[in-house]
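Asker: Dropping the structure in here first, questions after.
The values are calculated or read from the model by the stated rules, or taken from the named source; none is laboratory data. Fair warning: this is a prediction, and the values are worked out from it, not measured in the lab. Here the Cβ positions follow ideal geometry from the backbone for every residue, glycine too, while neighbour counts run over all protein chains shown. These area figures cover heavy atoms from the full protein model, side chains too; ligands, DNA and RNA do not enter into them. Shrake-Rupley method; radii C 1.70, N 1.55, O 1.52, S 1.80 Å.
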Amino acid sequence: MLKEEGVVSDYAIGGAMAVTFWAEPAATFDLDVFVLLHSPATLVSLEGIYSWARQHRYPEQAEHIVIAGVPVQFIPAPDRLAEEAVEAAADLEYDGESIRVIRAEYLIAMYLQPAARTRRRLERVWALLEVARVDRKLLDDVLERHELELPEQP
């Protein structure tokens, strides 16, 4: 709806919920939605998204907007890797609805960034590599272009 109504230029589901589409379910409190805004600026504002939520009577809960009982956190793509991940997202169907989900290869790369690299995220990297049908050529290309490396498997 946000894209169709012109609030964002594109979006894709990320985080643990995206992992669920490619590998085994991962426990999560909320749904992370990475967004590309129409006018990138030095100071990022999500006011358009929160205004849209108020118009549609979705309640706000801290940094989340509660949609169909699910806390949703909208995250402006913080860097070129996240922007690329949104642009290259897979179009999937969920419960009869078309949705965009960050591909496993990009989730892996995003989890390997120094600021995002935690033990839990590294576990998700290994789960994706083990269970998901990862395009190794694409993964290697993404990792190389963004100067990231897979760590030794535990």
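Asker: Could you work out what % of the accessible surface of the stretch 25-154 is carbon and sulfur, using a 1.4 angstrom probe and leaving DNA, RNA and ligands out of the count?
Answerer: On the stretch 25-154, the fraction of accessible area on carbon and sulfur atoms equals 49 percent.
Asker: In Å², what does the accessible area per residue of the chain work out to with a 1.4 Å probe? Numbers along the way, then the final one.
Answerer: Values: 9220 Å² over 154 residues.
So the chain comes to 60 Å² accessible per residue, rounded to a whole number.
Asker: For residue 33, tell me the accessible area in Å² from a 1.4 Å probe, rounded to the nearest 10.
Answerer: That residue has around 10 Å² of solvent-accessible surface.
Asker: Which FRET efficiency, nearest 0.05, do residue 98 and residue 133 yield, Cβ-Cβ r, R0 22 Å? Don't jump to the answer; show the numbers that get you there.
Answerer: Numbers: r = 21 Å, r/R0 = 0.94.
Taking R0 as 22 Å, the efficiency between residue 98 and residue 133 is 0.60.
Asker: Picking from 55, 70, 82, whose Cα lies most toward the positive end of the charge dipole for the stretch 10-89 (charges on Cβ: Lys, Arg +1; Asp, Glu -1)?
Answerer: 55
Asker: Tell me, how many Å apart are the Cα centres for the stretch 116-147 and for the stretch 96-113?
Answerer: That distance is 10 Å.
Asker: Right, next: Once you order the gyration tensor axes a ≥ b ≥ c over the Cα atoms, which shape class does the stretch 11-79 get: rounded for a/c under 1.5, otherwise prolate or oblate by comparing a/b with b/c?
Answerer: The shape class here is oblate.
Asker: Would you mind telling me the antiparallel percentage of the DSSP bridges in the chain, rounded to 5?
Answerer: Bridges in the chain are about 70 percent antiparallel.
Asker: For residue 106, what is the net charge nearby, where nearby means another residue's Cβ is under 10 Å from its Cβ and Lys, Arg count +1, Asp, Glu -1?
Answerer: -2
Asker: Using Cα-only point scatterers and the Debye equation, what is log10 of I(q)/I(0) for the stretch 5-154 at each q in 0.09, 0.12 Å⁻¹, rounded to two decimals?
Answerer: Those come out to -0.29, -0.51, one per q.
Asker: How long is the gain from residue 68 to residue 1 if the chain were fully straight, where each residue apart is worth 0.36 nm and the alpha carbon distance is subtracted?
Answerer: Fully extending the segment from residue 68 to residue 1 adds 22.8 nm.
Asker: Hey, another quick one. Taking all protein chains together and a probe of 1.4 Å, list 1, 110 from the most accessible to the least accessible.
Answerer: Descending order: 1, 110.
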